[in-house]
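Each reported figure results from applying straightforward, stated rules to the coordinates on display, with no laboratory input. Given the structure is predicted, the values throughout are model-derived calculations rather than measurements. As a convention, Cβ positions derive from the backbone with ideal geometry for all residues, glycine included, and neighbour counts pool all protein chains shown.
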Amino acid sequence: MSVGATVNPSGMKQMQLAMKTELVDWKVLNGQGAHGKSDELMRHVASLFSLTATHCDDEQLETYDTVLMRLSDLVGEETRTFAAQKICQLENAPYNIIKRFAFDSIKVADPVLRHSPVLTDDDLIEVSEVKGTEHMISICMRKGLNSLVTDVLIRSGHGTVMIKLAANSDAQLSERGMSILKSAAANDHALAHEMDNRSSFNRPAGNAEKKNLTDDVGMDLSRLWKRIEPQIEERYYDLSGHSYLEHYRFDPSLLKIEKLFEQGFLGNGVLRQFACNDQFADLVCGISKLSGFPHQIVARMMACLHWEQVLVLFRLRSFTDEFVRDILECGPWMLCLSSAQSQAILKRYQQITKEEAMAIAGSWPETGLLLE
């Protein structure tokens with residue numbers, strides 16, 4: 001299934017029929033199937049659920065949970081990792097399998113610990129106390145961590161955990177937690193750097209700096225978008241049927257970005273923090289605000305296979321190579337790009353000059369954008 005694929009009504013019926021049949025193949029669930037059948041079935045079930053989750057009732061969710069839990073005992077780490085990546089961002093992912101993945105090896109647990117909205121604070125605290133440093137580092141990358149969890153992470157006293165937590169500008173820190181980090185930063189250069197960045201994130205910019213944050217572009221992107229807009233079909237503004245993008249909640253991010261912009265905080269540095277913390281919705285809405293392109297269009301540009309378009313936009317926004325590398329490990333790209341593909345895309349970005357980017361973007365009002 002390619003990025004941007006949608007599920008039509010007839011396809012949905014076929015999937016629901018598959019769920020009623022294949023999901024009750026008890027020979028496979030009892031470990032009696034042919035070699036590799038369990039892995040094949042788990043990949044199928046996880047993919048099926050990722051596409052139909054919003055249409056599942058409680059009974060179907062319970063069935064998925066039971067089947068995935070059983071299959072997870074029969075398959076290898078690679079297949080469990082595949083399943084975890086498929087369902088980690090779904091708001092109604094079955095709880096038991098998500099929690100099981102959270103306590104699995106770090107390769108399986110990482111996407112769930114970073115992204116799953118199903119995990120509770122108590123779950124995250126339990127993982128932090130039971131599992132090792134790698135699991136705590138993954139938790140540090142979560143969006144919206146509250147101080148109950150961050151206090152536990154800080155109490156671990158592990159340097160890398162504290163550095164990653166300090167780098168997460170969206171994580172809440174208690175007064176005691178902040179005090180511990182500041183004390184530790186006195187003897188840790190990397191931690192001191194992240195604490196300084198965190199302070200800068202929360203400090204308003206002066207008028208001259210605000211201008212630099214928003215105007216360092218060789219082309220008026222807002223004006224460019226107004227020329228492109230007539231070429232864009234109305235359906236591209238609806239993300240509800242997109243196989244990847246429908247799982248993100250952009251409305252809270254739009255409000256967050258608007259507030260950051262009004263306070264003078266919004267710039268490429270903040271956007272890079274979003275990318276490093278895999279805050280894809282925040283990143284998309286931030287790029288949207290600074291470019292003048294609607295967030296739905298930016299999201300589609302960042303989730304389709306026509307990489308050069310969005311690389312042109314990044315060049316016009318003066319993104320560094322390091323920033324683009326971080327973006328390639330964020331959101332849908334993290335799930336669908338191989339290491340070789342990421343390297344090829346980064347190499348192409350390094351080849352694009354500002355002049356070439358302006359020439360390509362200048363043709364968009366005539367050619368339109370490829371968004372699927």
key: Peptides 175-181, 230-236 ordered by average Cβ neighbours within 10 Å, highest first   = 175-181, 230-236
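Provide the FRET efficiency to the nearest 0.05 for the GLU372-ILE106 pair, computing r from the beta carbons and using R0 = 25 Å.
With a Förster radius of 25 Å, E is 0.15.
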inquiry  = So, R0 is 25 Å and r is the distance between the beta-carbons of ARG249 and THR353; what FRET efficiency does that work out to, to 0.05?
reply    = 0.10
request  = Based on other C-beta atoms within 10 Å, arrange TYR244, TYR95 from fewest to most.
outcome  = TYR95, TYR244
Phi-based couplings in Hz for the range 301-315 (Karplus 6.51, -1.76, 1.60; Gly and Pro marked x) = 4, 8, 10, 10, 8, 8, 4, 4, 4, 6, 5, 4, 4, 4, 5
query = Using the per-residue mean of other Cβ atoms lying within 10 Å as a proxy for protection, in what order, highest first, do the peptides 354-363, 328-337, 159-168 fall?
reply = 159-168, 328-337, 354-363
message = Greater than 22 Å separation of Cα atoms is the criterion. Which listed pairs, LYS107/LYS143; LYS86/LYS347; LYS99/LYS182; LYS143/LYS289; LYS164/LYS354; LYS86/LYS164, meet it?
response = LYS86/LYS347; LYS99/LYS182; LYS164/LYS354; LYS86/LYS164
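Ordered by packing density, taken as the mean number of other Cβ atoms within 10 Å over each peptide's residues, highest first, how do 248-260, 312-324 rank?
The packing order, highest mean first, is 312-324, 248-260.
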inquiry  = Could you work out how much longer the chain between GLU262 and ASP321 gets when fully extended? Use 0.36 nm per residue separation minus the Cα distance between them, nm to one decimal.
reply    = 18.5 nm
